[in-house]
Each structure stands twice: as C-alpha cells, then as structure tokens.
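The values are calculated or read from the model by the stated rules, or taken from the named source; none is laboratory data. Worth saying up front: this structure is predicted, and the values here are computed from it rather than measured. Neighbour counts are summed over all protein chains in view; Cβ atoms, including those assigned to glycine, are modelled from backbone coordinates with ideal geometry. Accessible surface areas use protein heavy atoms only, side chains included; no ligands, DNA or RNA. Shrake-Rupley method; radii C 1.70, N 1.55, O 1.52, S 1.80 Å.
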Amino acid sequence: MQTATPPTPPKAVGLLSAIVVVAALGYFVDIYDLILFSIVRVNSLKDLGITAPDAVTNQGLYLINMQMGGMLLGGILWGILGDKRGRLSVLFGSILIYSLANIANGFVQTIEQYAWLRLIAGIGLAGELGAGITLVSETLPKEKRGYGTMIVATVGVSGAMLAYWVGEKLGWRNAYFVGGGLGLALLALRVGVYESGMFEQTKKSEVERGNFLALFTSWARLIRYTKCLLIGVPLWFVVGILITLAPEFSRALGIQPVAGQQAEVTAGLAVFWCYFGLVFGDFASGTLSQLLRSRNRALQLFLAFCGLMVGVYLFGVQGTSTTVFYAVCFVLGISVGFWALFVTVAAEQFGTNLRATVATTAPNFARGSVVLLVPMFQALRGPFGLIGSAAVLGFVSLVVAFWAVATLPESFNKDLDYVEH
C-alpha cells in the first residue's frame, strides 16, 4: 500500500546544483574503478604470473565474480542504510570504501589478495549510484529529474575512458592508485550537498524505513521489484561477457588486424569504445524519455536496438577488421545506454521509505547478474560453442527485459512524495 507523506517544501535545485555535480562525479569514479579491472585484467594477471590463455580467462572470470559478489552484498547493505540513515551517508561512505580498496589493489602480490580486495571494492562500489540517483530524483522538480539522472549517467560512464587511458599509459598498479586518489579528492566536494527533504520528512514519521524484507512480503511489490531488476540484465550481459571477453570473441570471429594496429583486439580498447558509446546512449535515452514523456517507451526502443546490435556483434562481423569490430563495440555501447534510465525507473517505482533500498539494490543485482550469467555462459559453451552460447543468453535476457518494461507502470512525472506500507 502507498501512502502520501505530508508535503515537503522543496529547496530550489538546478540541474547543475552541488547534489547533481557530486553524484555525477561520484559515479565517474565509481565507473572508473568498476571497469578498470576489465581493462587491466590481462596485464595484471600476467604480472602476477598467470600467463596461459585459458588460465587468464578463468582467473579473470573468478575475479569478476568476486567483484560482482561484493556488489550484491553491498547493494543490500547500502540500500538499507540509505533508507535508515540517509542518502548522504551512503553516498560518501561508499566513495570512501571503494577509494581505499582501489589504492590497496595497487599493492597486491597474489591472486587471493586480488580477489578479496575486488570483493571489498565491489561492496564499496555498490552504494554510490543508487544513493546519487535517489538524492537527485528526490531533490529535483519532477519535470527535470530525468535530465538530472541523465547528467549523472553521462558524466559517470565517461570514467571508463579515463580508466582506459590511465591503465594504458601508467600501468595497472598506478591506475588503481589514481582511482583511489580521485575518490578521496571527491570527498572534499561534499560541502553544499544536503539531505533529501522527502527523506527528512519521512524520518519524522513512524513509518518503517529500509526494510529489505518488505520487498518480499507483498506479492505485487515483489513482482514490481523483480521487473526492475530484469531490465538491467542485458546491459551487464553485454559489458560482462561480450565486451570483457572481446579478445576471445574476436579470435572466434576471425577478426583481422589492420596494418599498423595491434595484432589482436584488446579488452581495454573494447571497453573504451563501448563506454564511449554509453556516454551518447545515456544522453539519448534520458532525453528521449523526456521528449516522449515515457520511461517505458524509451526503454523498449533501446532494448530493441540492443538486440539488433548483439546480433551484429555475434553474426555480422566475421572475418572483418579490428576497426570494424571496435566500431561495433561503440554502437553496441550506445544501444545499452539506458542504464541511468533503468535506475531512475527503479527509484520512481517505490515510496520514500524503500526508495534507496530499491535504487541501490536494483543496479547492483543487475550488475551482479554476471555471477549467474558467467556459469550459464560456460555451461552453454559445450553444446553451442562460444558464439552460440552468447546468442542464446543474449536473446533470453533481452526478451525477459522487454517483457518487464512492457508490464511495469509508467513512472514519468510521477509524484515521489509517498511511502510504502
């Protein structure tokens, strides 16, 4: 049941307010760290003595699973804290943890050290986006909040490009040091950022806040929550499997090097071009949802576009050049540029007393779906091969996500000043 809270006089907040700027920069550093491992995976593992191609792939997937497992745990932890203690405490607490974990990653000497630090970093990384999106959604006027979350995502995903440049130029250990330093520097910008008025008003009431289990005590609420989670899975299928394993896919597809370029496709450059595309995609999806006055229609258009590009990636580039392959990675990135829109929809579907819980757990459970996608992908490789298994997994995730969007209530211009009982 949803109950309106007493009206809260909103503070005047613009699209370039301190809240939006800090949330955007926090997500920038968040994405830098999140994607950095995919970029430095091969070099860092070789430096730690893992050189056999199969071992690099298997150990890389193990470390990704540890990182994503941490994000699953952190998503629940930070989501509950966001509704119980406030959005700001989560925003800055998560930045502090992933920054310190980033710095520690630069000192690792063994795979086990690397794995546990990726787990801790994943826990830290789990809080920033949900807290930032919740704060922006609750403080901006409802007719502007789509643009606000678009700014957060567009600035944020560009952190992947900096991660690629730093990883290539400064080496993998220094890249981790830089990421940690950026996060600690960002904490100095917290002056001028204030708590959500909706949350402060809810604190004064007796309504229960941050009860994660409340998402499972109502069938209607559970279905709504599950649908929110499913929307984000295709993006992490693309990033966590197609792009992270770009070297393996390029070899299977017979991609030919262009004269003067590197002999093989690298994961770092594939991530760079994918996230460069995501910058444009997040801008386009957020703007499209405002112009169409519909979150759902914009999401459906982007999911259809994503399905088309997954098909091109797997079946349309055999025997072509590395230039063509990277171009497809770029356009594939545009097609999955609905990440901020997905998190915005999750935040808009629930009341103030559960909003941070949902907005934080939803993206992290979507990211953490890689933990399930990877073993499913590996199991399907036996009967279907590398390309076939990716095609099956991609088709299923996209169809399910499209169904979830089609059956969710439209949330554009929805008044968010209410609570769930």
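Per-structure values
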| quantity | calculated |
| --- | --- |
| Relative contact order (percent, whole number), the chain, Cα cutoff 8 Å, 6+ residue spacing | 27 |
| Peptides ranked, highest mean first, by Cβ atoms within 10 Å: ranges 149-157, 329-337 | 149-157, 329-337 |
| Packing-based ranking, highest mean first, of 134-144, 342-352, 274-284 given that Cβ atoms within 10 Å are counted | 342-352, 274-284, 134-144 |
| At q = 0.14 Å⁻¹, base-10 log of I(q)/I(0) for the stretch 222-309 (Debye sum, equal scatterers on each alpha carbon) | -0.64 |
| Packing rank of 407-413, 394-400, where each peptide gets the mean count of other beta carbons within 10 Å, highest leading | 394-400, 407-413 |
| Local net charge near Val155, Cβ-Cβ under 12 Å (Lys/Arg +1, Asp/Glu -1) | -2 |
| Whole-Hz couplings from phi, Karplus 6.51/-1.76/1.60, listed for the stretch 342-358; x for Gly and Pro | 4, 5, 4, 4, 4, 5, 6, 7, 10, x, 4, 6, 10, 5, 5, 4, 6 |
| Accessible surface, the chain, averaged per residue in Å² (probe 1.4 Å) | 36 |
| Nearest-ten-degree value, helix 322-335 long axis tilted from longest Cα axis of the chain | 10 |
| Environment charge at Gly82 (Cβ cut-off 12 Å; Lys +1, Arg +1, Asp -1, Glu -1) | +1 |
| For the stretch 182-335, alpha-carbon Rg relative to the globular expectation (2.2 N^0.38 Å, N residues) | 1.41 |
| Mean-position separation - Cα centroids, the stretch 282-319 and the stretch 38-102, in angstrom | 27 |
| Solvent-accessible area, 1.4 Å probe, carbon plus sulfur percent, for the stretch 67-199 | 71 |
| Extreme residue, positive dipole direction of the stretch 27-137, given options Ser99, Gln113, Val56 (C-beta unit charges) | Ser99 |
| When the stretch 28-173 is reduced to its Cα atoms, the Kirkwood hydrodynamic radius in Å | 16.0 |
| Accessible surface of the stretch 310-358, 1.4 Å probe, proportion on carbon and sulfur as whole % | 79 |
| Neighbour net charge for Trp172 - beta-carbon separation under 14 angstrom, K R +1, D E -1 | +2 |
| Kirkwood-Stokes translational diffusion coefficient of the stretch 140-214, alpha-carbon pairs, 25 °C, 0.890 mPa s, µm²/s | 152 |
| For the stretch 249-371, projected area of the alpha-carbon convex hull averaged over all directions, nm² | 8.6 |
| Nearest-0.05 FRET efficiency for Thr217 and Val324, computed from C-beta distance (R0 51 Å) | 0.50 |
| Value of D in µm² per second that Stokes-Einstein yields for the chain, Kirkwood Rh from Cα pairs, at 20 °C (1.002 mPa s) | 101 |
